[in-house]
Amino acid sequence: MKNILVAQSGGPTAAINATLAGVITCAYSSGETGKVLGSCNGIQGVLEERFIDLKEKVRNAEDMDLLCQTPAAALGSCRLKLTEEKQYQQIISVLRKHDIHCFIYIGGNDSMDTVNKLSAYCAQNNIEDICVTGAPKTIDNDLMGTDHCPGFGSAAKYIGTTFAELERDCHVYAMKAVTIVEVMGRNAGWLTAASALARQNGQKGPNLIYLCETVFDNERFIADVKKELETCDSVLVAISEGIKDKEGRYVSEQVISSAVDNFGHSYIAGSAKVLENLVRNRIGCKVRSIELNLMQRCAGHIASAMDIQESKMLGMKACQAALEGESGKMAAVIRKSNTPYTVSYETIPVSQAANEEKKVPSSFITPGGNDVTEEMISYLKPLIQGENNVIYENGLPKHFILY
């Protein structure tokens, strides 16, 4: 019998717990597992030996359903970068102390880097009793090797819905006004592109969409807004938080410090506020900026049923791969067709995803760089389909608390 340890890392999503549920489902049903443990706060919890017995916490189908509808990381998360060999040695020591044979890490780019480094360390040191696999996660949808990432579909559904609602609100007054909405996305504009989904039911959606894959020019932006204002009273603009000028400098860096996180990533929120002031000074009309911030990744009440289903399947695939000894692999979803929408679940070498970023291809962006193409819409639409039967209690969605 093999003992399993699972952990979550990086920014949470509305679907990361469905992936955890998939790992647990596979572990419970495999017939070859003993203990199924969860590490609190990712790899940091492994180093500190903060484990919980998932078999005691998740006991039945009702628990599993509640876990799937619960947003954010139920096991807690971390942003700890492994930099020293003694950390790998300590992790292996802890895993062996608890007789762990399979370690499954759910996370994004930096988490897959951890999986890659830890599995490589095991291979280099002939450690054959421990298998390390990864399950993808990130609302940014920027992981290589997988068609899309768990959490992205739900965030895209939230963003499309929010822009549709904002567009209705913006048009109630007969006055010239500009609303600039900042969407998460440091170096990849997938989430911002999802704002175009607001046009699906006959609404106008955003007038302008700017992704971080294209060079952002203040003068061109002002010209675009002025042109829209000639025919529209209200202009709705979607921008990626990571839009950059021709020198590669984040627009938000005009107003924030150069502080970085543990992985060296700049804190870049604030681009919409910069553009709000630009419009106010250059055009002079009513203008407001909105930063969606954490809401786009924790809106479990409007999660995509397709996203939850696929997230769970990828958790099962990662667990199955670990049980079968596929160390150094990441579960991935491979799209076969758009209509009908079909996919397969496979494993790829995690080295293909670690520290790599999947950008929006140029064919998904209009030549003018201020909108997306129908090819992008065709890519996005299958990922937001379906609504979950959310369990409510006292008028609010019920959440599953692990610890």
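The values are calculated or read from the model by the stated rules, or taken from the named source; none is laboratory data. Just so you know, these numbers come straight off a predicted model, no measurement behind them. Virtual Cβ from ideal backbone geometry, glycine too; neighbours counted across all protein chains shown.
So which residues in segment 176-219 are free of Cβ contacts under 8 Å to residues at least 40 places away in the same chain and within 18 Å of G369 (Cβ to Cβ)?
If the condition is that a residue be free of Cβ contacts under 8 Å to residues at least 40 places away in the same chain and within 18 Å of G369 (Cβ to Cβ), then N207, C212, F216, D217, E219 are the ones that fit.
Quick one: count up the residues across segment 189-227 that are polar (S, T, N, Q) and farther than 21 Å from K358 by Cα.
Residues of segment 189-227 polar (S, T, N, Q): 192, 195, 200-201, 203, 207, 214, 218.
Filter again for farther than 21 Å from K358 by Cα, leaving 200-201, 203, 207, 218.
Qualifying residue count, segment 189-227: 5.
Only one residue in T146, T214, T192 is over 21 Å from I384 (Cα atoms) and touching a strand residue (DSSP E or B) at 6+ places or on another chain (Cβ under 8 Å), so which one is that?
Values: T146 fails: over 21 Å from I384 (Cα atoms); T192 fails: over 21 Å from I384 (Cα atoms).
When all the criteria are applied, what remains is T214.
Pull up segment 169-186, narrow it to residues that are within 20 Å of R280 (Cα to Cα) and among the small types (G, A, S), then point me to the one that is modelled with the lowest pLDDT.
Only one residue tops the list, namely A174.
Out of curiosity, is E357 out of contact with any Cys (no Cβ under 7 Å at 6 or more places or on another chain) and under 22 Å from A155 (Cβ atoms)?
Criteria met by E357.
Among the listed residues S327, S362, S311, identify the single one that is outside the structural domain of A193 (by TED's automatic domain parsing) and within 30 Å of I391 (Cα to Cα). Write out each step before concluding.
Details: S327 fails: within 30 Å of I391 (Cα to Cα); S362 fails: within 30 Å of I391 (Cα to Cα).
Answer to the check: S311.
Which one of V350, V372, V343 is on the phi < 0 side of the Ramachandran plot, in contact with a helix residue (DSSP H, G or I) (Cβ under 8 Å, 6 or more places away or on another chain) and not assigned by TED's automatic domain parsing to the domain that holds H101?
After ruling out the rest, the residue left standing is V372.
Does G153 fit the bill of being small (G, A, S), at pLDDT 95 or above and outside any helix (DSSP H, G or I)?
It is false that G153 is small (G, A, S), at pLDDT 95 or above and outside any helix (DSSP H, G or I).
Does segment 368-403 hold any residues that are closer than 16 Å to D65 by Cβ and touching a residue at least 40 places away in the same chain (Cβ under 8 Å), and which are they?
G386, E387, N388, V390, I391, P397, K398, H399, F400, I401, L402
Please verify whether segment 294-308 includes one or more residues that are surrounded by 16 or more Cβ atoms within 10 Å (Cβ to Cβ), at pLDDT 95 or above and more than 24 Å from I384 (Cβ to Cβ).
no
Out of (1) more than 23 Å from C298 (Cβ to Cβ); (2) in the same structural domain as V279 (by TED's automatic domain parsing), what's the single condition that is false for T179?
(1)
Please specify each residue of segment 325-367 satisfying the condition of being among the charged types (D, E, K, R) and touching a residue at least 12 places away in the same chain (Cβ under 8 Å). Give the derivation first.
The initial filter retains those residues of segment 325-367 that are among the charged types (D, E, K, R), namely 326, 329, 335-336, 346, 356-359.
Matches in segment 325-367: E326, K329, R335, E346, E356, E357, K358, K359.
Suppose we filter segment 117-142 for residues that are more than 20 Å from V23 (Cα to Cα) and either outside the structural domain of A72 (by TED's automatic domain parsing) or not aliphatic (A, V, I, L, M) (or both); how many remain? Talk me through it step by step, then tell me what you get.
Step one: filter segment 117-142 for residues more than 20 Å from V23 (Cα to Cα), giving 117, 120-128, 140-142.
Add one more test, that the residue is either outside the structural domain of A72 (by TED's automatic domain parsing) or not aliphatic (A, V, I, L, M) (or both), and what stays is 117, 121-122, 124-126, 128, 140-142.
Number of matching residues: 10.
Among the residues of segment 204-252, which ones are surrounded by 15 or more Cβ atoms within 10 Å (Cβ to Cβ), of a type in the set (V, I, T) and within 17 Å of R186 (Cα to Cα)?
I209, T214, I239, I243, V251
Outside any helix (DSSP H, G or I) and in contact with a Leu (Cβ under 8 Å, 6 or more places away or on another chain): is that true of V36 in this structure?
Spelling it out, V36 is indeed outside any helix (DSSP H, G or I) and in contact with a Leu (Cβ under 8 Å, 6 or more places away or on another chain).
Can you name the number of the only condition in (1) surrounded by fewer than 18 Cβ atoms within 10 Å (Cβ to Cβ); (2) at pLDDT below 95 that N126 fails?
(2)
Which residues, counting only those in segment 156-184, are surrounded by fewer than 19 Cβ atoms within 10 Å (Cβ to Cβ) and in a helix (DSSP H, G or I)?
T161, E165, R168, D169
For segment 221-242, which positions are assigned to a helix (DSSP H, G or I) and touching a residue at least 24 places away in the same chain (Cβ under 8 Å)? Working first, answer last.
So in segment 221-242, the residues assigned to a helix (DSSP H, G or I) come out as 221-231.
Passing the criteria: F221, I222, D224, V225, K226, L229.
For segment 129-145, give me each residue that is surrounded by fewer than 24 Cβ atoms within 10 Å (Cβ to Cβ) and either in a helix (DSSP H, G or I) or not small (G, A, S) (or both).
Scanning segment 129-145 gives D129, I130, D142, M144.
Restricting segment 336-367 to residues that are under 30 Å from F216 (Cβ atoms) and basic (K, R), which is surrounded by the most Cβ atoms within 10 Å (Cβ to Cβ)?
Checked segment 336-367; the qualifying residue surrounded by the most Cβ atoms within 10 Å (Cβ to Cβ) is K358.
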